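A.B. asks: Have a look at the structure that comes next, please.
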Amino acid sequence: MKNDAIAIANYFVDKANEEDFKLTLLRLVKYVYIAYGFALALLNRIIIDKRFDVVEAWKYGPVIPSVYHSFKHNQNAPITQKVSVLINEDESGNMTFFAPTIEDEEIKQVLDFVWEKYKNRTTGDLINILHSKGTPWHYCYKEGCNVEIPDEMTKFYYRSIVANALRNDTE
């Protein structure tokens with residue numbers, strides 16, 4: 001099955017459960033976007049399913065709406081349950097559900113990197129990081145609108161983060 005944003009979110013839910021970490025909706029949507037950005041930069045590929053997933057600039061930062069809407073029932077409570085999606089319904093109305101997962105090891109490495117790098121940052125820190133001047137959100141956000149953030153803009157931004165980190169490691 002093709003990767004999608006729900007699979008990425010479910011991966012972070014599993015990580016939070018393994019570590020007894022309080023994962024809120026606001027944090028989750030930020031982790032998914034950050035992982036998406038680093039995957040564009042490091043793997044040079046889109047790790048979400050563009051048939052269903054788009055990145056938008058919302059008031060509180062970059063959001064993939066499918067993730068937000070799938071987990072919003074948690075409100076501010078910690079998210080402990082993964083989301084399942086309907087994959088089949090037969091003639092008699094029996095439905096089959098599946099919790100999307102990440103199988104690709106390269107993607108898992110990026111997700112683990114993001115988890116370790118950002119799990120100890122406060123939600124306020126994450127908001128500040130993603131809202132700062134020069135970010136894709138900063139260029140795309142329009143009050144009252146959910147404007148799509150172009151993949152190329154996210155890729156360019158995260159490539160600059162990787163390049164700066166590499167440069168700082170060699171200095």
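The numbers here are math on the coordinates, done by the rules we state, and not lab data. What you are looking at is a predicted structure, and each value in this text was computed from that prediction instead of being measured. No Cβ is skipped: glycine too gets one built from the backbone with ideal geometry, and neighbour counts run over all protein chains shown.
A.B. asks: Can you give me the three principal axis dimensions of the stretch 35-88 from its C-alpha atoms, in Å, biggest first?
C.D. replies: Projected onto the principal axes, the Cα atoms of the stretch 35-88 cover 34, 33, 19 Å.
A.B. asks: In terms of the ratio Rg/(2.2 N^0.38 Å) built on C-alpha atoms, what value belongs to the stretch 45-130? Please list the in-between numbers first.
C.D. replies: Details: Rg = 15.8 Å, N = 86, 2.2 N^0.38 = 12.0 Å.
The value comes to 1.32.
A.B. asks: I would also like to ask the following. Could you grab the relative contact order for the stretch 1-54? Cα pairs under 8 Å, six or more apart, rounded to a whole percent.
C.D. replies: Answer for the stretch 1-54 is 49 percent.
A.B. asks: Right, next: Once you keep just the Cα pairs under 8 angstrom separated by 6 or more residues, what percentage relative contact order results for the chain? Mind dumping the intermediate values first?
C.D. replies: Details: 226 pairs, mean separation 53.4, N = 171.
31 percent.
A.B. asks: Another question, if that's okay. What is the set of long-range amide H partners of residue 23 at a cut-off below 5 Å, with H atoms built 1.01 Å from backbone N?
C.D. replies: Close amide H contacts, sequence-distant or interchain: 79.
A.B. asks: What list do you get for 26, 111 if you sort them by fewest beta carbons within 10 Å?
C.D. replies: Values: 26 16, 111 25.
Going from sparsest to densest Cβ surroundings: 26, 111.
A.B. asks: Now a separate question. Rounded to the nearest 20 Debye, what is the dipole magnitude of the stretch 14-151 about its Cα centre when Lys and Arg each give +1 and Asp and Glu each give -1 at the C-beta?
C.D. replies: Details: 16 positive and 20 negative charges, 160 e Å.
The calculated dipole for the stretch 14-151 is roughly 780 debye.
A.B. asks: Amide H of residue 58 versus every other amide H placed in the peptide plane: which residues, excluding those fewer than 5 positions away on the same chain, fall under 5 Å?
C.D. replies: Amide H neighbours of residue 58, under 5 Å, 5+ apart: 63.
A.B. asks: Report, please, the projected area of the stretch 94-171 averaged over directions, based on the convex hull of its C-alpha atoms, in nm².
C.D. replies: Values: hull surface 35.7 nm².
It is 8.9 nm².
A.B. asks: While we're here: Scan the stretch 26-80 for trypsin sites (Lys or Arg not before Pro) in coil per DSSP, keeping those whose Cβ has at most 16 other Cβ atoms within 10 Å, and list them by number.
C.D. replies: Details: sites: 27, 30, 45, 50, 51, 59, 72; in loops: 45, 50, 51, 59.
For trypsin sites (Lys or Arg not before Pro) across the stretch 26-80 that sit outside H, G, I, E and B with at most 16 neighbouring Cβ atoms in 10 Å, the list reads 45, 50, 51, 59.
A.B. asks: Right, next: Just 91, 19, 143 to compare: in a GNM of the chain, with alpha carbon springs under 10 Å, which one fluctuates most?
C.D. replies: 91
A.B. asks: Sticking with this one: For residue 54 and residue 20, compute 0.36 nm times the residue count separating them, minus their Cα-Cα distance, and round to one decimal in nm. Before the final figure, lay out each step's value.
C.D. replies: On the way: separation 34, 0.36 × 34 = 12.24 nm, distance 2.97 nm.
Stretched out fully, the residue 54 to residue 20 stretch lengthens by 9.3 nm.
A.B. asks: I want to check the label-to-label distance for residue 96 and residue 77. Put each point 7 Å from Cα in the C-beta direction and report it in nm to one decimal.
C.D. replies: Going from the residue 96 label point to the residue 77 one covers 3.1 nm.
A.B. asks: On to the next question. List, in the order given, every pair from 72/119; 82/119; 50/155; 50/117 whose Cα-Cα distance in the structure shown is over 22 Å. Walk me through the numbers on the way to the answer.
C.D. replies: Values: 72/119 20 Å; 82/119 18 Å; 50/155 15 Å; 50/117 26 Å.
Pairs exceeding 22 Å: 50/117.
A.B. asks: In nanometres, what is the gap between the two model label sites at residue 133 and residue 46, each 7 Å from Cα along Cα-to-Cβ?
C.D. replies: Placing both labels 7 Å along Cα→Cβ, they lie 3.2 nm apart.
A.B. asks: By count of other Cβ within 10 Å, fewest leading, how are 58, 137 ordered? It would help to have the intermediate numbers written out before the result.
C.D. replies: Values: 58 17, 137 26.
In order of increasing Cβ crowding within 10 Å: 58, 137.
A.B. asks: Order by neighbour count: 23, 43, fewest other Cβ atoms within 10 Å first, most last.
C.D. replies: Values: 23 21, 43 14.
So the residues, fewest neighbours to most, are 43, 23.
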